[in-house]
Ligand code: ATP
Ligand code: MG
């Protein structure tokens, strides 16, 4: 297993098409320093989520290269690559199992205490303690139900447990109440600390907390800069 140590990300002349005809990502060039928080914004269909998929090698770009710490991501195994990347999906899904096992899924040998710590940092611990059997509560059909914001915090706890160098986050678009908003913000702050983060941002606070914002349109960066300059 190859270990990436720093988490710098370099996309160089990246071009991608899903069908081999229509260009979706066009000459995409960007360099993120280790620990930099990058927010991707822009109109629907611009290619924001596609960039995240290319970083995770869900798809491979037809042209150009993507490098992490100067190493082409195609030159290491998928396992090595994905070991250093944590993904918080737009619609996280849980297994028909306990909350404990659902969080532990990203690091199977994690102790109970490690799971509690991750859930505290993800601002979901107190909520879990309110469930009838706390961490032993089952999710799914006859189990506890979680809201979208809670699901996303479980997904954040999973990634915190994994401790990757790079985070990919496709933010949910759904509106949440003020308290949930501040809990998610706290969870994200802990998640992003010291990690290179690519976020498809919908929430204003994520955009204003970013180090750099990339405005994506038709598969290219049309504008970039820190929040105060855009
Ligand atoms: P949104 O803000 O709506 O999430 P986005 O910027 O994330 O949009 P993408 O999901 O990256 O946009 O999609 C970019 C383009 O690629 C769109 O035209 C979309 O229709 C197309 N596309 C996305 N996924 C696929 C796929 N699996 N197969 C073919 N085309 C796709
Ligand atoms: Mg998207």
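The values are calculated or read from the model by the stated rules, or taken from the named source; none is laboratory data. Everything quoted here is computed from the prediction, not taken from an experiment. Using ideal geometry, Cβ is built from the backbone for each residue, glycine included, and neighbour counts are taken over all protein chains shown.
Here are the numbers for the structure shown:
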| quantity | calculated |
| --- | --- |
| Residue within region 62-74 that is at pLDDT 95 or above and within 15 Å of ligand 1 (Cβ to nearest atom) present | yes |
| Residue check, residue 194 more than 20 Å from residue 151 (Cβ to Cβ), within 15 Å of ligand 1 (Cβ to nearest atom) and either buried (at least 18 other Cβ atoms within 10 Å of the Cβ) or touching a residue at least 60 places away in the same chain (Cβ under 8 Å) (or both) | no |
| The one condition in (1) within 23 Å of residue 211 (Cα to Cα); (2) assigned to a loop (DSSP other than H, G, I, E, B); (3) away from ligand 2 (no atom under 16 Å from the Cβ) that residue 31 fails to fulfil | (2) |
| Complete set of residues in region 27-40 that are at pLDDT 95 or above and either surrounded by fewer than 16 Cβ atoms within 10 Å (Cβ to Cβ) or closer than 17 Å to residue 52 by Cβ (or both) | 28, 29, 30, 31, 32, 33, 36, 37, 38, 39, 40 |
| Condition met for residue 171 (touching a strand residue (DSSP E or B) at 6+ places or on another chain (Cβ under 7 Å), free of Cβ contacts under 8 Å to residues at least 40 places away in the same chain and over 17 Å from residue 34 (Cβ atoms)) | no |
| Pick from region 153-187, criterion within 10 Å of the chain's Cα centre (by Cα) and away from ligand 1 (no atom under 16 Å from the Cβ), ranking: nearest to residue 92 (Cα to Cα) | 155 |
| Yes/no for residue 20 being within 13 Å of ligand 1 (Cβ to nearest atom) and at positive phi | yes |
| Of all residues making up region 203-220, the number that are part of a strand (DSSP E or B) and within 20 Å of the chain's Cα centre (by Cα) | 5 |
| Some residue of region 74-87 being within 24 Å of residue 215 (Cβ to Cβ) and buried (at least 16 other Cβ atoms within 10 Å of the Cβ) | yes |
| Region 88-117: number of residues that are exposed (fewer than 15 other Cβ atoms within 10 Å of the Cβ), within 16 Å of ligand 2 (Cβ to nearest atom) and outside any loop (DSSP other than H, G, I, E, B) | 0 |
| Test: residue in region 192-201 that is within 16 Å of ligand 2 (Cβ to nearest atom), out of contact with any strand residue (DSSP E or B) (no Cβ under 9 Å at 6 or more places or on another chain) and assigned to a loop (DSSP other than H, G, I, E, B) | no |
| Test: residue in region 48-65 that is crowded, with 20+ Cβ neighbours inside 10 Å and in a loop (DSSP other than H, G, I, E, B) | yes |
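Let's see how each residue does on (1) at pLDDT 95 or above; (2) within 16 Å of ligand 2 (Cβ to nearest atom); (3) closer than 24 Å to residue 50 by Cα; (4) surrounded by fewer than 16 Cβ atoms within 10 Å (Cβ to Cβ):
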site: 149; (1), (2), (3), (4): no, no, yes, no
site: 158; (1), (2), (3), (4): yes, no, yes, no
site: 166; (1), (2), (3), (4): yes, no, yes, no
site: 208; (1), (2), (3), (4): no, no, yes, yes
site: 225; (1), (2), (3), (4): yes, no, yes, yes
